[in-house]
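Have a look at the structure below before the remarks.
The values are calculated or read from the model by the stated rules, or taken from the named source; none is laboratory data. Note that the coordinates shown come from a computational prediction; the quantities given were computed from them, not determined experimentally. Here the Cβ is made from the backbone with ideal geometry for all residues, glycine too, and neighbour counts use every protein chain on show. Ligands, DNA and RNA are stripped out before the accessible areas are found, and what is left, the full protein with its side chains, is counted by its heavy atoms. Shrake-Rupley method; radii C 1.70, N 1.55, O 1.52, S 1.80 Å.
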Amino acid sequence: MSNFFGAISKFDYWLWICAIVGLVFVVVQPSYWLGWVFLNMFLYQLIAILIIIPHELGHAIATRFVGMKVIKIIIGSGRTLFTLQLLGILWEIKRFPTGGMTLISVKSTHFYRLKIFLITLCGPLSNFLLIFIALQLPQKVILNNPLGIYLYPGIIFYMVNTTMIVINLFPDYKYVDNIKIPSDGLQLLTLPFLSKEEIAQRVALSYVLDGLDWEHRGNYQQAIESFSEAILKNPTCVQAYQRLGNAYQAISDYQKAVDNFNQAIKLEPQNATSYFFRGFAYYHWQKIDSTKLQNVIEDISQAIHIEPKIEFFYYIRGASYSYIGDEVQAIEDFTKVIKLNSSTNSYYNRGVIYYQQNSYQDALEDFDRAINIDNKNISAYYGRGNVKYELQDKSGAFQDYDKAKSLSSSETIIPKDEHGFYARGIACVRLRDKIGAMKNFQIAEALCLEHGNAKLLQQIREEVKKISDGY
């Protein structure tokens, strides 16, 4: 169940700009009519955001009335800001306060069409109810400006609710937080024609949602039971096999994880996500069995073949290539990551591979770019300092080491970045701080063992041996 009113678009951004412009006009010149027009636009947008709450509550209350479970209500889209329990319901508030969605769990096919029809209908009905309540107020309160200024909240309230009803009942697919789902109107139109197989699939997806809820709480055993129940309800539910595989991976049962991903791939051979999940399972498995590293590369390569524009695919494959010492292929993948998203981390990651390859000038350029994007990237400063030292720019190297140390009071090396600790260990060697060097090399060594990074592990052990030998 969802509310699509106010989905993020260029129109929404212009409304907010109008609101700001209007506020400036009203403060500077209160009698100027254009400022009040803009402020009424702002009021329209504000009411549209607030109206999301009763719309979604309409879906949620109806869900409970028919004996089904409300998993959560999502308000907005983008990154989650916070969650809270209100009226016995989990609410998830996101960064951009436009759009909404109510996630429900339907675990029975009994009277399925009728129950979903009532749940779907009660969203728009809540907007009809708000209009009806407003109509009971004196007409002059609604049509006039009760505050004595040029704002018309009553008229705008009618407009917002009417627009929301029309948009939600229009039969179409919409996107809420990048999830494609049918509008309330499309749901109402298609429900009578759902086959038994389609109903079974929807019920299975409810068990998947339950499993995700358990997974979010860290209870993987309950999650596994929910995903397994989803498969019993619908043995062709690809999402259930994918999520079951991820749950087994989380508890380090890699064989069962791979078995479930195999089944997902068998059902949908062109599903890039299944190949990626299986490759990621092998990625964790190779930490205890290095022979699985080739499986990682093969699966991620297949995922890239199907979906060639997902940067994380290239990152995982590039890291895997670097672990086995294939720097050329690793650099190609990290270069692709940069083309898709030129962030400080993408340049830094390629820079450390260039450094391993002794391509110091290329490494220097990448560390420069990483620092230009984020001048608080400690690891990049240590990396650039080490490169400068190799290029005989010892003064520049020590300046970078000093800068990195000055940032240490407020910034830290990413906890799982073995290259960052290795780079700081090398810097400590050159600063004649053997204790600091050994401490950082030990952290980097442990991370290499955890990640299966055989190439860097060899280099670290060589540096540790030099220190032990009195180098």
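So if I check each of 384, 424, which one is within 25 Å of residue 452 (Cβ to Cβ), among the basic types (Lys, Arg) and in a helix (DSSP H, G or I)?
424
Which of the following residues is in contact with a helix residue (DSSP H, G or I) (Cβ under 6 Å, 6 or more places away or on another chain), on the phi > 0 side of the Ramachandran plot and either at pLDDT below 90 or not hydrophobic (A, V, I, L, M, F, W, C) (or both): 385, 452?
When all the criteria are applied, what remains is 452.
Quick check: anything in the stretch 71-84 closer than 17 Å to residue 202 by Cα and among the hydrophobic types (A, V, I, L, M, F, W, C)?
Yes: one or more hits.
So which residues in the stretch 67-79 are at pLDDT 85 or above and either open to solvent by less than 30 Å² (accessible area, probe 1.4 Å) or more than 17 Å from residue 104 (Cβ to Cβ) (or both), if there are any at all?
Correct list: 68, 70, 73, 74, 75.
Take the residues of the stretch 150-170 that are out of contact with any strand residue (DSSP E or B) (no Cβ under 8 Å at 6 or more places or on another chain) and more than 15 Å from residue 43 (Cα to Cα): which is most open to solvent (accessible area, probe 1.4 Å)?
Applying the filter and picking the extreme gives 170.
Name the one entry in 413, 338 that is outside any helix (DSSP H, G or I) and either aromatic (Phe, Trp, Tyr) or within 28 Å of residue 313 (Cβ to Cβ) (or both).
Only one candidate passes the filter, namely 413.
If we keep just the residues of the stretch 85-116 that are over 26 Å from the mean Cα position of the chain (by Cα) and among the hydroxyl-bearing types (Ser, Thr, Tyr), which is least open to solvent (accessible area, probe 1.4 Å)?
Checked the stretch 85-116; the qualifying residue least open to solvent (accessible area, probe 1.4 Å) is 112.
Considering only the stretch 352-364, state which residues are open to solvent by less than 10 Å² (accessible area, probe 1.4 Å) and within 15 Å of residue 391 (Cα to Cα).
363
Being closer than 30 Å to residue 88 by Cβ, hydrophobic (A, V, I, L, M, F, W, C) and either modelled with pLDDT of 75 or more or part of a helix (DSSP H, G or I) (or both) is the requirement here; does residue 48 meet it?
Yes, satisfied.
If residue 262 meets every condition in (1) surrounded by fewer than 17 Cβ atoms within 10 Å (Cβ to Cβ); (2) in a helix (DSSP H, G or I); (3) modelled with pLDDT under 95 apart from one, which number is that one?
The single condition residue 262 does not satisfy is (3).
Which of the residues spanning the stretch 365-380 are assigned to a helix (DSSP H, G or I) and open to solvent by less than 30 Å² (accessible area, probe 1.4 Å)?
366, 367, 370, 371, 378, 379, 380
This table checks each residue for (1) farther than 24 Å from residue 103 by Cα; (2) open to solvent by 20 Å² or more (accessible area, probe 1.4 Å).
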{"residue": "204", "(1), (2)": "no, no"}
{"residue": "211", "(1), (2)": "no, no"}
{"residue": "216", "(1), (2)": "no, yes"}
{"residue": "221", "(1), (2)": "no, yes"}
{"residue": "235", "(1), (2)": "no, yes"}
{"residue": "240", "(1), (2)": "no, no"}
{"residue": "254", "(1), (2)": "yes, yes"}
{"residue": "269", "(1), (2)": "yes, yes"}
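Which members of the stretch 284-335 meet the condition of being among the charged types (D, E, K, R), more than 23 Å from residue 355 (Cα to Cα), assigned to a helix (DSSP H, G or I) and under 24 Å from the mean Cα position of the chain (by Cα)?
Of everything in the stretch 284-335, just one residue is among the charged types (D, E, K, R), more than 23 Å from residue 355 (Cα to Cα), assigned to a helix (DSSP H, G or I) and under 24 Å from the mean Cα position of the chain (by Cα), namely 299.
Residues of the stretch 169-199 being modelled with pLDDT of 85 or more and of a type in the set (Lys, Arg), which ones?
Scanning the stretch 169-199 gives a single hit, 196.
Return the residue satisfying two criteria in turn: it lies in the stretch 284-318 and is in contact (Cβ under 8 Å) with a residue 60 or more places away in the chain and not basic (Lys, Arg), and of such residues it is surrounded by the fewest Cβ atoms within 10 Å (Cβ to Cβ).
Among those residues, the one meeting the criterion is 290.
Considering 432, 424, which residue is basic (Lys, Arg) and either in contact (Cβ under 8 Å) with a residue 40 or more places away in the chain or in contact with a Ser or Thr (Cβ under 8 Å, 6 or more places away or on another chain) (or both)?
On inspection, the qualifying residue turns out to be 424.
Within the stretch 442-465, is there a residue that is crowded, with 17+ Cβ neighbours inside 10 Å, in contact with a Leu (Cβ under 6 Å, 6 or more places away or on another chain), of a type outside the set (Phe, Trp, Tyr) and within 22 Å of residue 363 (Cβ to Cβ)?
Yes; the residues of the stretch 442-465 include at least one that is crowded, with 17+ Cβ neighbours inside 10 Å, in contact with a Leu (Cβ under 6 Å, 6 or more places away or on another chain), of a type outside the set (Phe, Trp, Tyr) and within 22 Å of residue 363 (Cβ to Cβ).
Which one of these is of a type in the set (Gly, Ala, Ser) and surrounded by 23 or more Cβ atoms within 10 Å (Cβ to Cβ): 383, 396?
383
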